[in-house]
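Worksheet for the structure shown next.
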Amino acid sequence: MTYRKTAGAAALLTVASLGLAASPASPAAAAPAAAAAPCATSTMVKETLPNGTTWQLCWRMQEQAGLILEKVFVSSRRYPEPVQVLDSIRLAQLNVPYDSGDTEYNDITDYGFGGWNLQTLTGDDCKGGSARVGSDGAPEPQRRKVLCVSAEASGLAYRLHGYENNGREPIYSKQGHDLVLRAISKVGWYEYVTEYRLHDDGQISARLGATGDLSPGDYVSADKGWPIGKGARDYAAMHYHSAFWRVDFNIAGKGKEKVEQYDTKVNGRGSMTAKLKTTKTTIAKEGSFSKVNRRWWRLVSSSSKNKDGHLRSYELVTGADDRYEAHPETTPDVTFTQSHACEKYATGNADPQCASKKSILDFAKNKETLKDPVMWVRVGFHHVPRDEDQSPMPLHWQGFDLLPRDFTEMSPLTPAARAGVNGQQD
Amino acid sequence: MLTATIDEGEDMGRRRTWGWGLGIATVTAVTAFGVASWHANAAPSPGPGTAAAEQARVSDPDPGPEPATGVGRDALTSGEVDRARELAVTPELAAGAEDVTGAKGPEYLSADVLADGGGRRAELYYYDYKTDKLVKQVVDLKAGKLAESYSAAGMQRPASEREVATALDMLLADPLAAELKNAYQKATGKQFAGKDGLTVKAHVYKARPADTGAADCGKHRCLQLVVETADGLFIDVNDIIIDLSGRTVARLK
């Protein structure tokens, strides 16, 4: 991409010729090159989005987990120094029980998203993007086009109609973009899309999409299915997709994040309406937790601060979710555990080195102190088939967001003219 | 020009009287956008949004040949996998373990780069059908030696291609093959003429408390086949479980 290759040089030239420095730090493009490469050139993704945000990461395919992102760094035009966000993010299970009670799959640990189940990208799989070649993670690995990297418009990033003392009325209006990483795995008749969207404002969205076809064999009684053929004869079985992700932060490369839970409750009346009180609970030891109204969690660096003096953090934002309470492992929304190398899968963890550690419940059982926390996020989707699911089935999605909270002292997309708007204005 | 306008904010007031302005913010914008925007800046543009803002492209690098070794936590290269497999199968394991065909030596399942530590280390998984144990061998690729060894019963990982092929052969040799043949005829309208052209994969099957017929699965290594014809039709043999450890084929329900 010649456009981007010339950008760095042009930036220096422009600054020099106008005698102005855009930023006291070195240009974003130059900074990561100084550090030792965390992975080979062919397994690194480093792309700059139109608003100037650069994401850099390493990727690999693993036989069971499929796509794994590692060493994820972000920088922006406003904050050109690349700062690490994640050590790694990966799928950690996909549990698929059918409402009939007679069928259940664990697609990550009993089948696998990588290796021979990973699809070679073709057709429109990576339209407008770059299909990257790399190992498929099979027992006898093949190099194939398995990762799609693309930049996609994400809609309006912000909008502000300003009024200034001098009579100017500037309109700040900006289109946002995401760097999108995508891989496709075929598990029987289902095809799953593992997707990570790295937004230009620092947000990370993790999603799992399901397409392919409904199970050809699972047709059931009327109370456990939905009629999708002619009349009321073929009741396709309702079923669950409970997905787990393993998220390991390494904020600013310093690790040792602290876990905080925030709760906001109604606490009396003010002169007009209810008073709400927000309290923080530090989660110091391993455990599983679930949402109540307005509850949220964040992982806070214990040492890295933004220029406002606030500790950097990322917040877990959960959305649509169907909880599968029939298994204890798929009941909690999130589990925090101390990092251990052999704790890889939320359920069905099978490592002879730690034979008793079979699920997140085992990992958290001894309530170890969280010195280097790993976050296990569960998001469930109860799939009630519909006529439109044939055929191929339109993608249905489930996932969550990781939202930067005080990662930078202002939005990384703040336009220059708004740079002074930090805190209460006079 | 437009880049500058977007970054500074489109001035609704000033635009009416002065047209497009070039302020300090313009410099910042141009700096980051580079050559394309710099040239675009030379002339006013009819509306907000430039080609650069609308078209978001990514690079499309040439992957080059496969390197001999990976960097950091890159996936193991095929050369590294070959080397690691040589180091992982010790003489004791080669002589004492048994693979899915009943021959000496463990059944190779998978290899992965080890997620912790520095250097290039690999963890390899094998199944020993003689003892029904999952074996994990940790290999230090740099030092060229086996570093750690673990094994445990009652643990399963996804099936290897050879295990799936063996399971299919076991099913075809069993009276329950009639169910596969019937399902094939029902799905395709044609008579089953052998395994050629079928794509077969498998879930590892572990018995649930209520299971009958395959209660040993989990302790034993068992597979549930996913059979697809060349035409993309699935043959439903979901209720048939092949116990590779016990060398039996059973029907659930």
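The values are calculated or read from the model by the stated rules, or taken from the named source; none is laboratory data. Because the structure is predicted, anything quoted here is derived from the model rather than measured. Ideal geometry is used to build each Cβ from the backbone, glycine not excepted, and the neighbour counts take in all protein chains shown.
A few notes on this one:
- Test result for residue B:239, at pLDDT below 95, closer than 19 Å to residue A:106 by Cβ and acidic (Asp, Glu): yes
- Condition met for residue A:165 (over 30 Å from residue B:202 (Cβ atoms), modelled with pLDDT under 95 and of a type in the set (S, T, N, Q)): yes
- Strands (runs of 3 or more DSSP E) wholly inside region A:186-262 that include at least 1 residues being touching a residue at least 40 places away in the same chain (Cβ under 8 Å) and among the aromatic types (Phe, Trp, Tyr): A:190-199, A:225-227, A:239-249
- The one condition in (1) touching a strand residue (DSSP E or B) at 6+ places or on another chain (Cβ under 7 Å); (2) of a type in the set (S, T, N, Q); (3) within 30 Å of residue B:246 (Cβ to Cβ) that residue B:101 fails to fulfil: (1)
- Test: residue in region A:152-164 that is surrounded by fewer than 23 Cβ atoms within 10 Å (Cβ to Cβ), of a type in the set (Ser, Thr, Tyr) and assigned to a strand (DSSP E or B): yes
- Qualifying residue in region A:137-154 (condition: over 19 Å from residue B:123 (Cβ atoms), in contact with a Pro (Cβ under 7 Å, 6 or more places away or on another chain) and at the interface with chain B (Cβ under 10 Å from one of its Cβ atoms)): no
- Across region A:87-94, not a single residue is classified as buried (at least 19 other Cβ atoms within 10 Å of the Cβ), over 24 Å from residue B:114 (Cα atoms) and more than 13 Å from chain B (Cβ to nearest Cβ).
- Among the residues of region B:133-164, those identified as closer than 17 Å to residue A:351 by Cα, without any contact (Cβ under 8 Å) to a residue 40 or more places away in the chain, aliphatic (A, V, I, L, M) and surrounded by fewer than 21 Cβ atoms within 10 Å (Cβ to Cβ) are B:138, B:147, B:152.
- Per the listing A:171, A:184, the residue uniquely farther than 30 Å from residue B:108 by Cβ and either surrounded by 16 or more Cβ atoms within 10 Å (Cβ to Cβ) or at the interface with chain B (Cβ under 8 Å from one of its Cβ atoms) (or both) is A:171.
- Matching residues, region A:336-351, being out of contact with any Gly (no Cβ under 7 Å at 6 or more places or on another chain), buried (at least 19 other Cβ atoms within 10 Å of the Cβ) and not in a loop (DSSP other than H, G, I, E, B): A:337
- When each of A:124, A:102 is tested for being part of a loop (DSSP other than H, G, I, E, B) and within 22 Å of residue A:380 (Cβ to Cβ), the lone residue that passes is A:102.
- Only one of B:169, B:128, B:132, B:174 that is more than 9 Å from chain A (Cβ to nearest Cβ) and at positive phi: B:132
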